[in-house]
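Q: A single structure is presented below for examination.
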Amino acid sequence: AGGTPAVRTAWAVFRKELQETIRDHRTLMIMVVVPVLLYPALLVVSEQLALFGMRQLRAAPARVAVVGGGEALRSYLDAQEDLRLLPDEPSNYATLIRSDSVAAVAVVENQRGLTQSITVFYDEADERSSRGRAELMRALSAWGDTILAQRLTAQRLPPDFANPLVVADSSVALPAEVSGSALGRFLPLLLIIITLLGTFYPAIDLAAGEKERGTLETLLTAPVPSHQIVTGKFATVAVVGVMAAALNLTSMYVTFQTGLFQFAADTNLNFSLPFTSLLLVFAVLIPLAILFGSAFLGIAVRSRSFKEAQNALTPVYMLALVPSLLPLFPGIDLTPALAVVPVAGVALFFREVMAGSVQTVPALLAMFSTVAYALLALWFAARAFGSEDVLFGGKGGDDEPVTGWGDAFRRLRGKRRRVVPEAHEALFFIALVAVLFFYIGRGWQIRWLERGLFLSEWLLLFLPVLLAIRFFGVSARETLSLRRPRGAALLGGALLMLGGTPIAWFLTWLQTFVAPIPWDLVEGLTELLTPESGLDLVWLFLLLAVTPAICEEAVFRGVLLGGTRDRMGPLAVVLLNGAIFGAFHMSFETAFRFLPTAFIGALMAWAVLRTRSIAVSSLMHVINNGTIVLIVASPAIAEWLGGSEGTRPPLILLPAALFLVAVGARLLHTDAAVSVATDPPTPPTDD
């Protein structure tokens with residue numbers, strides 16, 4: 001290849017890596033066998049199984065029974081071709097339905113006036129019973145029409161007397177649009193999965209795999225810049241991902257266009273994908289593959305072995321799958337806000353393209369934001385390949401490595417070896433605490449309300465922190481950042497939170513354009529937490545502000561921050577801490593709390609990183625939660641701040657909040673510089 005020496009070097013690396021990758025049987029399986037052979041086979045087989053199951057359900061008449069109703073009704077039902085009426089009236093019809101002896105039973109109750117009441121019993125969890133119920137309901141409806149016709153005749157009324165309206169519907173959507181809408185529900189998920197798989201194994205093999213085999217060091221000793229090497233590796237992973245997605249997309253196109261998918265005929269759908277739509281989808285798949293490939297490569301190179309990289313990338317893989325599920329859910333449209341969400345915007349864009357209803361602005365946002373994320377991921381991978389600590393082992397941060405659970409139990413007996421826990425230990429602790437809090441603590445809170453929350457905080461959060469410090473054999477002072485803060489640090493943290501809390505309110509308001517707030521739930525919680533007296537206000541302040549400032553801070557700005565701050569960069573530590581803190585405060589009803597809570601958690605994590613004092617974040621926690629308690633206690637202030645549905649907080653708060661954040665951050669930055677000069681971090685000890 002021609003071009004500059006840098007281009008020739010990257011091209012040489014690309015050719016070498018691509019040849020070795022294609023020789024790998026796992027890559028060939030993902031790239032060729034799955035999309036080209038397995039996908040059409042699975043599609044056709046699943047189609048035939050679905051058709052076979054539908055025919056089996058309709059092969060024999062549904063066995064039904066009638067209790068009461070008279071001989072006329074029994075004779076009418078017995079004459080229906082799709083029904084097989086039992087000769088006797090069963091008394092234990094519920095048992096017969098559960099044992100599959102009968103599909104459905106119509107119980108005719110006493111007639112009141114001219115209306116006869118009939119209840120149909122069936123098993124909703126059984127497909128045959130549901131089908132029997134449907135056939136029985138259809139027959140009973142026809143029987144009711146027969147009785148109505150007889151009554152109209154007896155009264156010498158015309159047949160249309162009981163039908164004042166004749167309503168019909170007619171869809172203006174073309175058959176191709178209907179089929180495209182159906183395809184857009186599940187094909188984006190398949191495309192994203194194939195693209196993920198296409199980049200997953202090559203990224204691991206070209207980074208952690210080479211480190212494990214010892215060939216990466218040899219490659220990096222060549223007299224060329226590391227960014228040229230990572231460019232070649234990145235291009236290989238991206239090309240493999242694009243090829244896998246392209247083969248999968250082509251296989252889908254051929255399967256639908258050649259008529260192999262016969263299920264469409266039974267559903268009156270015309271499954272087809274225009275060639276222009278195919279090209280548009282493929283064009284967006286390229287930056288998506290670059291995004292996945294670069295992110296996977298940057299994470300995999302930080303692992304020391306193939307197995308460790310698999311463990312590190314699997315959560316990322318699952319996390320990328322979550323936004324790709326959005327096209328499956330009704331009512332979620334491609335809005336400008338969702339278009340810039342990684343993976344989610346692309347998935348919804350694919351659905352809109354297949355349905356033929358693409359809107360220009362959201363589509364462009366989805367495409368350009370994906371390109372921007374891909375470039376950011378490429379920078380992330382290049383930075384990892386340019387770090388000697390990442391490539392050649394780096395510093396571990398522990399005096400002695402952990403060899404297993406036996407080592408942990410030996411430390412439990414009193415032999416302390418480290419200052420802070422490992423990152424994986426801290427994350428395991430967070431997962432354990434989350435399980436305890438959500439499965440046990442929620443039950444306590446539902447049963448005992450405020451007392452349940454109090455017990456959950458102290459017994460399921462603070463007590464496990466003390467046990468974890470003892471179990472891991474680490475320093476409580478260093479893990480929990482138990483340093484006496486300076487006055488400037490406390491003032492800076494207070495100002496930072498006084499400005500950060502209104503910003504969180506604005507984030508909550510902006511979030512309503514994407515995920516509406518369940519205001520009925522908010523109003524219920526507000527009513528529950530409204531104090532009835534001054535003493536009640538003090539109790540709520542202690543429960544909702546002081547208690548979390550101790551218990552939750554010990555968990556998140558204590559164990560979690562202590563275990564990750566020396567293993568990750570400051571920005572990664574802050575973002576991870578905020579994200580986990582936000583996720584911890586989520587539930588099925590309160591998912592809208594994630595973004596503002598994550599923002600508050602990130603602010604508190606940054607403050608502790610700067611000051612190495614958990615007292616600063618505890619004060620910030622008291623200010624944030626205490627402000628909310630006081631606002632709930634004052635309905636007038638709550639209404640002014642946007643307490644009603646869809647109300648924006650006063651804009652006058654925003655410049656003041658930004659000013660307070662800037663001043664608080666400046667004080668914390670200055671205090672951190674003074675702390676480093678006068679109070680350096682405590683070295684590892686065995687006491």
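The values are calculated or read from the model by the stated rules, or taken from the named source; none is laboratory data. Fair warning: this is a prediction, and the values are worked out from it, not measured in the lab. Here the Cβ positions follow ideal geometry from the backbone for every residue, glycine too, while neighbour counts run over all protein chains shown. Heavy atoms of the whole protein, side chains included, go into the accessibility calculation; ligands, DNA and RNA do not. Shrake-Rupley method; radii C 1.70, N 1.55, O 1.52, S 1.80 Å.
Q: Just read off the accessible area of ARG302 with the full protein assembly in place, 1.4 Å probe, to the nearest 10 Å².
A: ARG302 has an accessible surface of roughly 100 Å² with all protein chains in place.
Q: For a quick check of understanding: with a 1.4 angstrom probe and all protein chains in place, what accessible area in square angstrom does ASP82 have, to the nearest ten?
A: 60 Å²
Q: Which far-off residues, 5 or more places away or on another chain, put their amide H under 5 Å from the one on ARG63, with H placed in the peptide plane?
A: ARG84, ALA103
Q: With θ set to phi - 60° and the Karplus curve 6.51 cos²θ - 1.76 cosθ + 1.60, what are the ³J(HN,Hα) couplings of region 98-108 in order, to the nearest whole Hz, using x for Gly and Pro?
A: Working through the residues one at a time gives 5, 8, 6, 6, 9, 7, 8, 10, 9, 9, 8 Hz.
Q: Put GLU552, GLU450 in order of accessible area, largest first, 1.4 Å probe: what do you get?
A: Correct descending sequence by accessible area is GLU450, GLU552.
Q: Please compute the net charge surrounding GLU308, taking Lys and Arg as +1 and Asp and Glu as -1 over other residues with Cβ under 15 Å from its Cβ.
A: +2
Q: Moving on to the next point. Residue by residue, what Karplus-based ³J(HN,Hα) values in Hz, rounded to whole numbers, does region 74-79 have, using 6.51, -1.76 and 1.60 with θ = phi - 60° and x for Gly and Pro?
A: 4, 5, 5, 5, 5, 7
Q: To continue, here is another question. Distance from the Cα centre of region 309-375 to that of region 593-613, in angstrom?
A: 28 Å
Q: So, one more: In the neighborhood of LEU461, defined by Cβ-to-Cβ distances under 13 Å, what is the net charge if each Lys or Arg adds +1 and each Asp or Glu adds -1?
A: Net of charged neighbours comes to -2.
Q: Could you compute the net charge surrounding ILE614? Neighbours are other residues with a C-beta less than 9 Å from the C-beta of ILE614; K and R count +1, D and E count -1.
A: So the surrounding residues net to +2.
Q: Is region 288-379 best put as rounded, prolate or oblate by its Cα gyration tensor, with a ≥ b ≥ c the root eigenvalues, rounded for a/c under 1.5, and otherwise prolate when a/b is larger than b/c, oblate when not?
A: Here region 288-379 falls in the prolate category.
Q: Could you compute the FRET efficiency for ALA168 and THR146, with r as their C-beta to C-beta distance and R0 at 25 Å, rounded to 0.05?
A: Between ALA168 and THR146 the formula returns 0.60.
Q: Okay, moving on. Just order 326-335, 592-601, 460-469 by mean Cβ neighbour count inside 10 Å, highest at the front, would you?
A: Peptide ranking by packing, descending: 592-601, 460-469, 326-335.
Q: Put TRP379, TRP509 in order of accessible area, largest first, 1.4 Å probe: what do you get?
A: TRP379, TRP509
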